Amino acid sequence: MRIEGEGYVIREFSYSDCESLAENADNNKIWNNLMDNFPHPYTKQDAFDYISMVKAMPGKPMRFAIEVEGKAVGSIGFGSEGDVERVTAEVGYWIGEKYWGHGIMSKVLEDITEYAFQNFHYEKLYTIVFSTNPASMHVSQKAGYRQEAVLHHAAVKNGHLVDFYYFCKMREHG
């Protein structure tokens, strides 16, 4: 899969992405806005392990590199819990700090949303954003997602309770 946007490419990962992924992901500001299972510090080995896991996943690809200026500088992906929730998928993403505020991430989210609806049987996609990350809330809204719920004190990050904001986009029928 390859989607070329204005100033970015969404594509499958390559092991040659390890160095640039580590350079961009090893950032406390990024880690502060992601789940704790995202490694910090983030090393080339972490990038290699992540790419290996993604490549081993069966079926159509669901996790992708965000390439800017010829280098992988972030990641976006989606997945479902399956079972009765098989028609719903969470979308997760991050991009290197150097690329914040340029409108890239909202366009990438729009593109991956379209890809997910076209290639999978999802009826609903959603993002979960920490209350401490208004920029990511804006990304979701700019990409056409609407705020659906707030789960107060839903998680602990850096020893502090944070709220989860759920932003959703439904498949359009017609």
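Assorted remarks:
- Residues that are in contact with an Asp or Glu (Cβ under 6 Å, 6 or more places away or on another chain) and either surrounded by 17 or more Cβ atoms within 10 Å (Cβ to Cβ) or farther than 24 Å from residue 155 by Cα (or both), drawn from the stretch 29-43: 39, 42
- Leading residue by the ranking (nearest to residue 149 (Cα to Cα)) among those in the stretch 96-110 that are touching a Phe, Trp or Tyr at 6+ places or on another chain (Cβ under 9 Å) and of a type outside the set (Ser, Thr, Tyr): 109
- When each of 162, 150 is tested for being over 14 Å from the mean Cα position of the chain (by Cα), among the aliphatic types (A, V, I, L, M), surrounded by fewer than 14 Cβ atoms within 10 Å (Cβ to Cβ) and modelled with pLDDT of 95 or more, the lone residue that passes is 150.
- Considering the stretch 44-61, and only residues there that are basic (Lys, Arg) and touching a helix residue (DSSP H, G or I) at 6+ places or on another chain (Cβ under 8 Å), the residue that is surrounded by the fewest Cβ atoms within 10 Å (Cβ to Cβ) turns out to be 60.
- Hits in the stretch 131-174 (condition: polar (S, T, N, Q) and outside any strand (DSSP E or B)): 131, 132, 133, 136, 140, 141, 158
- Considering the stretch 69-119, the residues that are β-branched (Val, Ile, Thr) and in a helix (DSSP H, G or I) include one that is surrounded by the most Cβ atoms within 10 Å (Cβ to Cβ), namely 108.
- Taking the conditions (1) surrounded by 13 or more Cβ atoms within 10 Å (Cβ to Cβ); (2) under 16 Å from the mean Cα position of the chain (by Cα) in turn, residue 122 satisfies each one other than (2).
- Members of the stretch 140-159 found to be without any contact (Cβ under 8 Å) to a residue 24 or more places away in the chain and over 19 Å from residue 116 (Cβ atoms), listed by number: 147, 149, 150, 151, 152, 153, 154, 156, 159
- If the condition is being under 23 Å from residue 26 (Cα atoms), in a helix (DSSP H, G or I) and among the small types (Gly, Ala, Ser), then the stretch 47-68 contributes 47, 52.
- Filtered residue count, the stretch 71-88, keeping only those that are of a type outside the set (Val, Ile, Thr), more than 12 Å from the chain's Cα centre (by Cα) and under 18 Å from residue 168 (Cα atoms): 5
- The set of residues in the stretch 64-122 being acidic (Asp, Glu) and either within 17 Å of residue 134 (Cα to Cα) or touching a residue at least 60 places away in the same chain (Cβ under 8 Å) (or both) consists of 97, 111.
The values are calculated or read from the model by the stated rules, or taken from the named source; none is laboratory data. These numbers come from a predicted model, not from an experiment. Here Cβ is always computed from backbone atoms with ideal geometry, including for glycine, and neighbour counts include all displayed protein chains.
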